[in-house]
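The structure under discussion appears below in the form of C-alpha cells.
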Amino acid sequence: MNVSAGGRRARASRHGVRTGAALLCAVALAVAVPASAHAGGTSARILEPGDPVVVVDCFDQAQMRPAEYLLACGDGNNRLVGLRWDSWGSRTATATGTDMVNDCRPYCAAGRFHGYPVTVTLGSPQAWPEHPDVQRFTTIRLLYTDTAPDPVPKDVTYKLVW
C-alpha cells in the first residue's frame, strides 16, 4: 500500500506501475539468465568433481573459455572481449583478445572505450571455496601486444578474488 506524506493512501499511476513492472522483469531476467549467457558463452550447468579448471566471473558463475570477461566488476569500465582460447589446461589457460578500457575523461559516464590488443593467461588454480571439489584460476596476466592503457604496465598480473 502506498501512503502519502499526510498519511492518506496514495494511488499509483499507471505509468509508475508499468515502469516498476518493467524494472522487475529486467531484474528477474538478469538474475535468471546465467552470466555465461550474457558473455556469449555456453549455458550454465552444475559443476561436478573432476571438471576442468574454471574461471569465476563477477556474478560468481564458473566459466570455461568465455568469449568475454569483465575485469572491473564494480563499474564495468574494463572488459576483455573477442577472447580466442589457444589452450585451456589444468595449470594455465591462454587466449588473445582485446581489453576494452574506459578512459573516464572527463569522467567515466562521459568517457570513451578504447581497445588494446592483449594476450591473456589464467593461472594458479586453487580449490574454489564455494565448490571445494572444483579448481578455479586465481590469477590473470595481461600482456599488451601493442600499447597498454595509461598507467598500466605492458605486462601485469592481477589476483582474481571472486
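A few points about this structure:
- Among (1) touching an Asp or Glu at 6+ places or on another chain (Cβ under 7 Å); (2) without any contact (Cβ under 8 Å) to a residue 12 or more places away in the chain; (3) surrounded by 13 or more Cβ atoms within 10 Å (Cβ to Cβ) - the single one Lys154 does not satisfy: (1)
- When Tyr144 is tested against (1) within 20 Å of Ala62 (Cβ to Cβ); (2) open to solvent by less than 30 Å² (accessible area, probe 1.4 Å); (3) without any contact (Cβ under 8 Å) to a residue 60 or more places away in the chain; (4) not small (Gly, Ala, Ser), only condition (1) is not met.
- Against the conditions (1) modelled with pLDDT under 95; (2) outside any loop (DSSP other than H, G, I, E, B), Asp51 satisfies every one except (2).
- Among the candidates Pro149, Pro106, the residue that is touching a His at 6+ places or on another chain (Cβ under 9 Å) and at pLDDT 95 or above is uniquely Pro149.
- Some residue of the range 108-119 being within 20 Å of Pro52 (Cβ to Cβ), open to solvent by less than 50 Å² (accessible area, probe 1.4 Å) and in a strand (DSSP E or B): no
- Residues of the range 130-145 that are under 19 Å from the mean Cα position of the chain (by Cα) and in a loop (DSSP other than H, G, I, E, B): Glu130, Phe137, Thr138.
- Among the residues of the range 83-91, not a single one is surrounded by fewer than 17 Cβ atoms within 10 Å (Cβ to Cβ) and either among the aliphatic types (A, V, I, L, M) or under 21 Å from Val152 (Cβ atoms) (or both).
- Of all residues in the range 62-74 being of a type outside the set (A, V, I, L, M, F, W, C) and either at pLDDT 95 or above or not in a loop (DSSP other than H, G, I, E, B) (or both), the one that is surrounded by the fewest Cβ atoms within 10 Å (Cβ to Cβ): Arg65
The values are calculated or read from the model by the stated rules, or taken from the named source; none is laboratory data. Owing to the predicted nature of the structure, the values given are computational and were not obtained by experimental measurement. Positions of Cβ are backbone-derived with ideal geometry, glycine not excepted, and every protein chain shown enters the neighbour counts. Side chains are part of the model used for accessible areas, which takes the heavy atoms of the whole protein and leaves out ligands, DNA and RNA. Shrake-Rupley method; radii C 1.70, N 1.55, O 1.52, S 1.80 Å.
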